Amino acid sequence: MAEEKSTMKAIQYASYGGGAGALKHVEVPIPSPKKNEILLKLEAASINPIDWKVQSGMLRPFLPPKFPFTPVADVAGEVAELGPEVSTYKKGDKVVGMLNFPNGGGLAEFAVAPISLMVPRPPELSPPEAASLPTAAMTALQALKAAGTKFDATDKPSNILITASSGGVGHYALQLAKHAGHHVTATCGARNIELMKSLGADEVLDYKTPEGAKLWSPSGKKYDAVIHCTTNISWSTFEPNLSTEGKVIDITPTFKAMATSVLKKVTFSKKKLVPLLLNPKSEDMKFLVDMAKEGKLKTIVDSTHPLSKAEDAWDKSMSGHATGKIVIEM
């Protein structure tokens, strides 16, 4: 077995609920890779809100598939062992990507990963930077694509609003939108206004001000698309700020949002609410890693925590006040 060890340290929870206090430090067998899988010696993993939402029971009874459960899917690591028929990697290769999300496994010293969701990690990217990318940056990329951005020479400048722009998905969406040549209005808390400007935002709204709550563009622009990275903003707030065929891409759609989306189709409204569900793709992952390697996509790391203090990272993510990404280093 990897490094002649048979067991590894991991973080698990054994039932729904409980937050950070329900996380347990355990010693479990190191898993073995199957066909088209590799065993990774993990270097870093990043937490996404979906991780603790699954723990809270938001997707019960479907996820997690069983208890006890080792959460987190976004990882960077080194190939320690190859499964049968794997020829794309060799031991010692550095990679980044997503584990099989339903199975989790990222809060551990080792994890089995499908090669279909892994890409090489260039030396220009540190493990925390790389592990931050998969879910958050890919969601940002696919949201902008859903809004009509192609990321090629045919893109025409649009007016884009990004809510919660200082969060994990938001800070990537801001940069990707600017890379595509769009005019970007960003919402965030007052403490992050200058940071958002440094990432390229053309206009920044403090969401706690009256103008920010109404999403009014300081220059009076109507939005061709909104990358909606927070919750509790109604369609009635978005609608007057949208251009004639404006779209709201909702990355955390509720049942109410789904209903609004259907209603807009039934009434043939040109303004649309588009629920987005992430579809992990290795080509998207490679695009993002290449951008980060070239310095065109920066990761803001809110904080890093050792595996032994995973509870602190979990608690920080649940607070909803992180700037950028929360990372656990092994």
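Kindly indicate whether residue 155 is of a type in the set (D, E, K, R) and under 21 Å from residue 285 (Cα atoms). So residue 155 passes the test.
Scoring residue 183 on the criteria (1) more than 22 Å from residue 213 (Cα to Cα); (2) at pLDDT 95 or above; (3) surrounded by fewer than 24 Cβ atoms within 10 Å (Cβ to Cβ) leaves a single failure, condition (1). Scanning region 126-136 for residues that are under 14 Å from residue 43 (Cα atoms) and open to solvent by 10 Å² or more (accessible area, probe 1.4 Å) gives 126, 127, 128, 129.
Checking each residue of region 150-168 against the condition of being out of contact with any strand residue (DSSP E or B) (no Cβ under 7 Å at 6 or more places or on another chain), modelled with pLDDT of 95 or more, buried (at least 24 other Cβ atoms within 10 Å of the Cβ) and closer than 27 Å to residue 23 by Cβ gives at least one match. Residues of region 301-323 that are in contact with a Phe, Trp or Tyr (Cβ under 9 Å, 6 or more places away or on another chain) and buried (at least 21 other Cβ atoms within 10 Å of the Cβ): 314, 317. Inside region 45-67, residues that are touching a residue at least 40 places away in the same chain (Cβ under 8 Å), open to solvent by 40 Å² or more (accessible area, probe 1.4 Å) and within 24 Å of residue 301 (Cβ to Cβ) make up a count of 3. Residue under question is residue 70, and the condition is that it be open to solvent by 10 Å² or more (accessible area, probe 1.4 Å) and under 17 Å from residue 11 (Cβ atoms); does it hold? Yes.
Selection of helices (runs of 4 or more DSSP H) fully inside region 236-330 by the criterion of at least 3 residues being over 15 Å from the mean Cα position of the chain (by Cα) and modelled with pLDDT under 95 returns 255-266. If the condition is being open to solvent by 50 Å² or more (accessible area, probe 1.4 Å) and not in a loop (DSSP other than H, G, I, E, B), then region 205-235 contributes 210, 211, 213, 224.
For region 81-91, does any single residue satisfy the condition of being of a type in the set (A, V, I, L, M) and in contact with a Gly (Cβ under 6 Å, 6 or more places away or on another chain)? No; the residues of region 81-91 include none that is of a type in the set (A, V, I, L, M) and in contact with a Gly (Cβ under 6 Å, 6 or more places away or on another chain).
Restricted to region 68-183, the set of strands (runs of 3 or more DSSP E) holding at least 2 residues that are within 30 Å of residue 240 (Cβ to Cβ) and in contact (Cβ under 8 Å) with a residue 60 or more places away in the chain comprises 159-162. In region 7-30, the residues that are within 15 Å of residue 41 (Cα to Cα) form Cβ pairs under 7 Å with partners that are of a type in the set (Phe, Trp, Tyr), at six or more places apart or across chains, as follows: 8/110; 30/110. Taking each residue of region 193-208 that is free of Cβ contacts under 8 Å to residues at least 40 places away in the same chain and looking for partners that are in a loop (DSSP other than H, G, I, E, B) and crowded, with 19+ Cβ neighbours inside 10 Å with beta-carbon atoms closer than 8 Å, six or more apart or interchain, yields 196/165; 196/166; 201/165; 204/165; 205/215. Against the definition (over 20 Å from the mean Cα position of the chain (by Cα), modelled with pLDDT of 95 or more and closer than 21 Å to residue 299 by Cα), how does residue 194 come out, yes or no? Taking the combined requirement at face value, the residue satisfies it.
The values are calculated or read from the model by the stated rules, or taken from the named source; none is laboratory data. Remember, predicted model here, so these are calculated numbers, not experimental data. Here Cβ is always computed from backbone atoms with ideal geometry, including for glycine, and neighbour counts include all displayed protein chains. Only protein heavy atoms, including side chains, enter the accessible area calculation; ligands, DNA and RNA are left aside. Shrake-Rupley method; radii C 1.70, N 1.55, O 1.52, S 1.80 Å.
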